1. Convex hull over the alpha-carbon atoms of the range 32-121: what's its volume per residue in Å³?
2. So for the pair LYS58, VAL172, with labels modelled 7 Å out along Cα→Cβ, what separation do we get in nm?
3. With 10 angstrom as the radius, rank ASP35, ASP50 by how many other C-beta atoms surround their C-beta, starting from the fewest.
4. If the viscosity is 1.002 mPa s and the temperature 20 °C, what translational diffusion coefficient in µm²/s does Stokes-Einstein give for the range 70-208 when Rh comes from Kirkwood over Cα pairs?
5. Go through the range 146-175 and name the trypsin sites (Lys or Arg not before Pro) that are in a DSSP coil and have 11 or fewer other Cβ atoms within 10 Å of their Cβ.
Amino acid sequence: MKKRFSIKFLTLKAIKRIFFATLLVTVFSQIVLADDKNVVKHLLQERFDDIIAALENKDLDEETKKKRIEDIIKPIFDLPLMSKLALGRASWTAMAKEDQERFSELFTKILKQAYFSKILGYVDENIIIEEPDQVGEKVYIPTFIVSKDQKTSVLWKFYQSDTGWKVYDIEVEGVSFIQTYRSQFTESLQEMTVKELMVKMEELISSQ
């Protein structure tokens, strides 16, 4: 005997339950996203406050200030991930683990040399932090460095790592650190190996 095919229509009570469950999930998701943005904004604000305090501390010499700023800002950067993104997935995965670690170490040194000297000059500038944007599972925080004669936009890109929110890229005036370095590395790797590239990176670091 064949079973009769039938459709069970939802009762009004069941519809209400589904509606309220969906509403709760939506509201909860919005609260979580808002909390994420607030957490990341607070994290960045704390770091900026600590950096400014170090820059304005007249009892510290320049080298001590550099070390203090490195200790403040380094924990919020995912430098191994930034190194991987800058080099490119294909080249990165083709490297041995020790070469990956060496490349990451060199890339970190280049970033420090290129941008720490600029940070030390930001004594009289004001830093404005705008409201963060949720971009998928990532959080972007627009900021501005304002001096007497110019206003520089800096976009901080965070993602949720296993150890907390971390920076994986920065855009200055719309130009991405990662994309800029990736373009340079990709061009160099057309003429040399990764090991030869690392030798060039070592030479650059030594010349500074």
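Read-outs: derived from the displayed coordinates by stated rules, not from any lab. Everything quoted here is computed from the prediction, not taken from an experiment. As a convention, Cβ positions derive from the backbone with ideal geometry for all residues, glycine included, and neighbour counts pool all protein chains shown.
1. In the range 32-121, the Cα hull volume divided by residue count equals 116 Å³.
2. 2.9 nm
3. Starting with the residue having the fewest Cβ neighbours, the order is ASP35, ASP50.
4. D, rounded to a whole number, is 131 µm²/s.
5. Passing both the DSSP loop test and the Cβ count: LYS148.
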